[in-house]
Amino acid sequence: MNEEGHVYRVSGTLVIAENVKNAKIGDVVHIGEQELLGEIVRIIGNKVAIQCFEDTTGLRPGEPVINTNKPLVAELAPGLLGQIYDGLQMPEKKLFELTENPFVRRGYKLPPLDYDKKWEFIPEFTVKKHINEYVKLEKYRVKVGDKVEEGSIIGSTQETSAIEHKIMVPYGIRGKIIDLREGKYNIKEPIATIELPDGTKKEITMLQYWPVRKPRPYREHLPLTTPLITGQRVIDVFFPIPKGGAGAIPGGFGTGKTVTLHQLARWCDADVVVYIGCGERGNEMADVIAHFPQLKDPRTGKTLSERSIFIANVSNLPVFARESSIYMGVTIAEYYRDMGYDVALMADSTSRWAEAMRDISGRLEEIPAERGFPAYLAERIASFYERSGRVVTLGHPERIGSLTIMGATSPPGGDFSEPVTSTTVRFIGTLWALDKELAFQRHFPAINWLMSFSKYAELLEKYWARKDPKFLKLREEALTVLEEAAKIEEIARIVGEKALPDDQRQILLTAEILRHGFLYQNAFHKVDTYCEPPKQIKMLSAIMQYHEWTKRLVKEGNVTIDEIRDVRISVTTPEGEVKQTLAVTELEKVRMVKGTDYIDELMDKIKEKLDELAEKHGVIL
Amino acid sequence: MSEYHGLFYKTVTEIKGPILVIDNVHGVGYNENVNIVLPDGSKVLGSVLETEANKAVVQVLGDTTGLDLNVSVHFTGETVKIPLSDEVIGRVFSGSFIPRDKKPPIFGEEEREVFFSVINPAARVPPHEFIQTGVSAIDGMNSLVRGQKLPIFSEAGLPHNTLAAQIARQATIIKKGAEAPEDFVVVFCAIGIKKEEYDYFRAEFEETGALNRAVMILNLADDPVIERIIAPRVALTVAEYLAFDLEMHVLTILTDMTNYAEALRIISTAREEIPARKGYPGYLYSDLATIYERAGVVIGKKGSLTQMPILTMPGGDITHPVPDLTGYITEGQLILDRDLFNKGIYPPMDVLRSLSRLMKDGIGKEKTREDHKYVADQLYVSYSEGTRARGLEKIVGREGLSERERRYLRFADDFEHKFVSQGRYENRSIEETLDIAWDILSTLPEDDLIRIEDSIIKKYYRYS
């Protein structure tokens, strides 16, 4: 009888082992001669069930199993930004550089971070101070003799030109700083010594560990008051998400989930972005990885890779590393949140993550609930989204950080009632529902304005009111027009648009302009891809102003819609040519024109022509 | 039996479908190869599904008729590997890589594992080279790029094979400047298709000389069902070798993936696994991904692997698990439509529901033409408006339609008959495709072209 831990049975990636020492649920083990990584998921007498994170081909009963006695942890230190990791935090770019092999080989392991690279550690740092709605940067200096506790910042290093990496006292340590070593160190060299209350001395390095399945603690949860600006009109105006909020983006295939998430990752005004490609396409990840280093953050002018971390656990990598990839990503995101940053996390797609859970559950022969998913699916989804929030962090100085989570779901057959989507919708505050019909018409982002919602819209009222007091009213009116138009369209589908009365056709006209000129946004157009908030407000007010004018023309002057549609204005093209064009078309095309000056100019011209029309019918606009 | 090394067991205790249970075995590795030798000396292949301290469960990758509890089971200690050399080109093999063309087997300098092959995402180059297929509906609106995986979703009776053969025949890269012929190879993998379909492809390839530049991996309808599991993987291992070792440009056609998924379902049922949808296993997505993801372009290699899987949607239902999960993995889909087919349009491609996700990176000024993406975008918008007008016409009649709606009705007809429709041997250049697009877009007033920038309209619009 073999007294050492050894493999008893192999069935796919589920390994049953015997006599594993000190087995605890969640412990990471090394399996077999190739030292494949796995995690203990069940204990039955002297046997344990291990979920292997890698392909188990060739593994035999009797091969050794060694317990590391540690749960799955993330390594947290400077050097994370710009990395591309798999679900177990293995750096994929480095793997390729070292092996020069485009294929991933089994059992090959690399540490997550560079242990040799020296970082300039200084006992100084800046944090954002929130005073009412304003943010001020405040500088701090740490001295020997300072009292610190878990989460306290003791210094910093410039990780990238965009991000100052704060070095925090690890969890469970409090005391007095008795030594501080300014200078160049690698992440495993001590940079400070802390004397604990019992007199023992503890050396602090820039590297710390955190078990990925456990949320990082904070002091206090705060209400969500600031929107995450994304530059995407339909999101910012109609279905906003605040910093610290949770949003979901369900959509069948081809509805543009991934492009929308890429757009959010590119343009959102978070300090740090963690992008998890969970069971998605390799070429898509390659696209993000290739383009981010070239794209510039519109606010800081730095490249986007200086603020981003990628977890690329693509669909053909082992399923179980996919299950952990979500936790790996959210742990790294929380770590930057704790430094006082606004962090945004995108997970594409949480359905693949749920499927990984289903797979594990099935192999463990658990009794399935709906569609084969385990009964604890809802609990896992809820606890993932609950890791979002705007918080006061632990430690000194007091600082506020936020983590916004945006997850895509991929409902089979586009049916939103399936378990993953319907469960997710219960735990989020913003829903961007993607619509196949809109996608077929190439209306992107294909966010359906009748099915989507944002519970946060009211919380953000104050923010928008400061930008433009009329804004909220405009937003509401626009939503009403869209809703009414949807009802009228149903009638139009039966009787034809021509048979409708003009006041109804006028609503359809405004809705059409809103659709083509505001809700539609071309992610691949150099100007249209990002629309700054002042321009969003300007565009919406222009369209709603036009709506007001035409409404009165129809109501008070009995002007027909055909007459209104035919209104032409003369515009000057960039080449300096003057041409006659339809006012409606021009309104729909302002999204492609840089800045807001043109909108004023255009509205003056439209007003002039509409005035002429009004005069003919005895109305004054 | 001297040709076998390793351990033999005659302890089979259960046979259930393609699954064998063998007792009293020791040291068997998961997924390792198994030879099952019948009393008459004939041999069937298998692989280990589950291994325990003294028990193994084996999946038979061949015909199970004639198996009984007296067979000898031989564990090879190796996983499924195939030998590779450049001599594979022009050859025909079975789904488990046994020659079917009466020529000798391949002796390669190296043997490669068939199952586990994952391209490191960090080693990928985003696909960006436009492939001209000569088919307007594809080139103009759903462009294919090198390294993409773009499936054809079809139904029984539609001409998907004709289209696939036409693409294989016509696909070229247009490079501005040099027109150097490049190493182009087709890897054709038949998964449970009928002999006449195979004969069609063979004749097509033979006629154009493409057969000399093709590798055929065949599992036909009357071949063992379980071999369908490994056939596409054998084909892709060959394709990866040609693309990334010999640096050729490879187009892999896999047909029909629905048959593959059915084979997977048979095994899953035999293993008594809990099914997800329609009896298919819960891991169907992950399993299909291990096939479809084997496409791409990698850093430092000149070759590329482009995949064109074909699948027939059972009952024409796109929400069926096989097309649904495929659509989530592949980079778009080309959908063939029965209504268009009945109208006599070839290729009967439903462009509104079709999509190529990688199109944006392969088109534009330096690659095809500056107006390409605007034209494609506008065609979608206008054609969808036309189809909406058609729906309305059915209810209110042509008389009830506005002038604008009638205009779009005409547009939709023009679009289908002039742009989508073309000959089976007609090879249109991208310029021709875009010119036809402008012919029909110019039947609309300039103001209707809301997705096109003014400078582009000015240059290409046909003012009358």
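The values are calculated or read from the model by the stated rules, or taken from the named source; none is laboratory data. Since we're looking at a predicted model, the values are computed, not measured. Using ideal geometry, Cβ is built from the backbone for each residue, glycine included, and neighbour counts are taken over all protein chains shown. What goes into the accessible areas is simple: the full protein's heavy atoms, side chains included, and nothing from ligands, DNA or RNA. Shrake-Rupley method; radii C 1.70, N 1.55, O 1.52, S 1.80 Å.
Each chain gives up part of its surface: B and A jointly bury about 7200 Å² of accessible area, both sides summed, for a 1.4 Å probe. Partner lysines whose Cα lies under 27 Å from the Cα of B:LYS55, excluding those fewer than 8 positions away in the same chain, are identified as A:LYS21, A:LYS47, B:LYS10, B:LYS16, B:LYS43, B:LYS81. Residues in the stretch A:183-196 carry Karplus couplings, in order, of x, 8, 9, 7, 6, 9, 8, x, 10, 7, 10, 10, 8, 6 Hz; the curve used is 6.51 cos²θ - 1.76 cosθ + 1.60 with θ = phi - 60°, and Gly or Pro positions show x.
Normalising the average separation of contacting C-alpha pairs (under 8 angstrom, six or more residues apart) by the number of residues puts the relative contact order of the stretch A:468-616 at 25 percent. Between the helical axis of A:502-514 and the longest alpha-carbon principal axis of chain A there is an angle of about 40 degrees. If the segment from B:ARG112 to B:GLU272 were pulled out straight at 0.36 nm per residue, it would be longer than the present Cα-Cα gap by 54.5 nm. In this structure the protein assembly as shown gives 37 Å² per residue of accessible area when probed at 1.4 Å with all protein chains present.
Computed 3J(HN,Hα) for the stretch B:384-399, one whole-Hz value per residue from the Karplus formula 6.51 cos²θ - 1.76 cosθ + 1.60 where θ = phi - 60°, is 5, 5, x, 5, 5, 4, 4, x, 5, 4, 4, 8, 9, x, 4, 4, glycine and proline marked x. The lysines within cross-link reach of A:LYS616, meaning a Cα-to-Cα straight distance under 23 Å and a gap of 8 or more places when in the same chain, are A:LYS551, A:LYS555, A:LYS605, A:LYS607. In this structure, the amide hydrogen of A:ALA312, modeled 1.01 Å from its nitrogen in the peptide plane, lies closer than 5 angstrom to those of A:TYR85, A:ASP86, A:GLY277, counting only residues at least 5 positions away or on a different chain. Specify the inter-centroid distance of the stretch B:396-464 and the stretch A:305-371, based on alpha-carbon positions, in whole Å. After rounding, the separation between the Cα centres reads 45 Å.
Applying both filters, DSSP loop and at most 11 other Cβ atoms within 10 Å, to the chymotrypsin sites (Phe, Trp or Tyr not before Pro) of the stretch B:353-459 gives B:TYR425. For the protein assembly as shown, the 222 nm mean residue ellipticity estimated from helices alone, with every DSSP H stretch of n ≥ 4 adding -39500 (n - 2.57) and the total spread over all residues, rounds to -9000 deg cm²/dmol.
For the protein assembly as shown, give the share of DSSP beta bridges that are antiparallel, in percent and rounded to the nearest 5; count only bridges with both residues there. Antiparallel bridges make up about 70 percent of those DSSP assigns within the protein assembly as shown.
Summing Cβ point charges (Lys, Arg +1; Asp, Glu -1) relative to the Cα centre of the stretch B:1-123 gives a dipole of roughly 260 debye.
For the stretch B:51-74, a reduction of at least 30 Å² in accessible area between the chain on its own and the assembled protein chains (probe 1.4 Å) is found at B:THR51, B:GLU52, B:ALA53. Checking the Cα-Cα distances for B:LYS102/B:LYS301; B:LYS195/B:LYS343; A:LYS436/B:LYS360; A:LYS143/A:LYS302 against a 24 Å cut-off, the pairs over it are B:LYS102/B:LYS301; B:LYS195/B:LYS343; A:LYS143/A:LYS302.
The angle separating the long axis of helix B:257-270 from the principal Cα axis of greatest extent in chain B is about 40 degrees. What does the C-alpha gyration tensor say about the overall shape of the stretch A:538-609? Classify as rounded when a/c is under 1.5, otherwise prolate if a/b is larger than b/c, or oblate. In terms of gyration-tensor shape, oblate.
By the gyration tensor of its Cα atoms, with a ≥ b ≥ c the square roots of the eigenvalues, what is the shape of the stretch B:372-460: rounded for a/c under 1.5, prolate for a/b over b/c, or oblate? Judged from the Cα gyration tensor, the stretch B:372-460 comes out oblate (a/c at least 1.5, b/c at or above a/b). With contacts taken as Cα pairs under 8 Å at a separation of at least 6 residues, chain A carries a relative contact order of 12 percent.
Is the C-alpha gyration tensor of the protein assembly as shown telling us rounded, prolate or oblate? Criteria: a/c under 1.5 is rounded; beyond that, a/b larger than b/c is prolate, otherwise oblate. Oblate, because a/c is 1.5 or more while a/b does not exceed b/c.
Ordering B:LEU246, B:LEU20, B:PHE153 by Cα displacement along the dipole of chain B toward the positive end leaves B:PHE153 in first place; charges were set at the Cβ atoms of Lys, Arg (+1) and Asp, Glu (-1). When only alpha carbons are used to place a centre, the stretch B:199-269 and the stretch A:439-459 end up 42 Å from one another. Could you please state how large a percent of the accessible area of the protein assembly as shown is carbon and sulfur, counting protein chains only and using a 1.4 Å probe? Using a 1.4 Å probe with all protein chains present, the protein assembly as shown comes out at 51 percent carbon and sulfur. Each Lys and Arg adds +1 at its Cβ and each Asp and Glu adds -1 at its Cβ; summed about the Cα centre, chain A shows a dipole of about 960 debye. Of the residues A:THR126, A:GLN536, A:ALA492, the one whose Cα sits farthest toward the positive end of the charge dipole of the protein assembly as shown, with +1 on the Cβ of Lys and Arg and -1 on the Cβ of Asp and Glu, is A:THR126. Taking amide H as placed 1.01 Å from N in the peptide plane, the amide H of B:LYS55 sits under 5 Å from that of B:VAL25, each at least 5 places away or on another chain.
Identify the GluC sites (Glu not before Pro) of the stretch B:395-445 meeting these criteria: DSSP loop state and at most 16 other C-beta atoms within 10 Å of the C-beta. Hits after loop and neighbour filter: B:GLU426. Rounded to the nearest Hz, the phi-derived 3J(HN,Hα) couplings of the stretch B:342-359 under the Karplus curve 6.51 cos²θ - 1.76 cosθ + 1.60 (θ = phi - 60°) are 5, 6, x, 8, 10, x, x, 8, 7, 5, 5, 8, 7, 6, 10, 5, 9, 3, where x marks glycine and proline. Across chain B, Cα pairs under 8 Å and at least six residues apart give a relative contact order of 16 percent. For A:LYS129, the residues 5 or more places off, or on other chains, whose built amide H falls under 5 Å of its own are A:LYS136, A:LEU137, A:GLU138. Each Lys and Arg contributes +1 and each Asp and Glu -1, all at the Cβ; summed about the Cα centre of the protein assembly as shown, the dipole is approximately 2100 debye.
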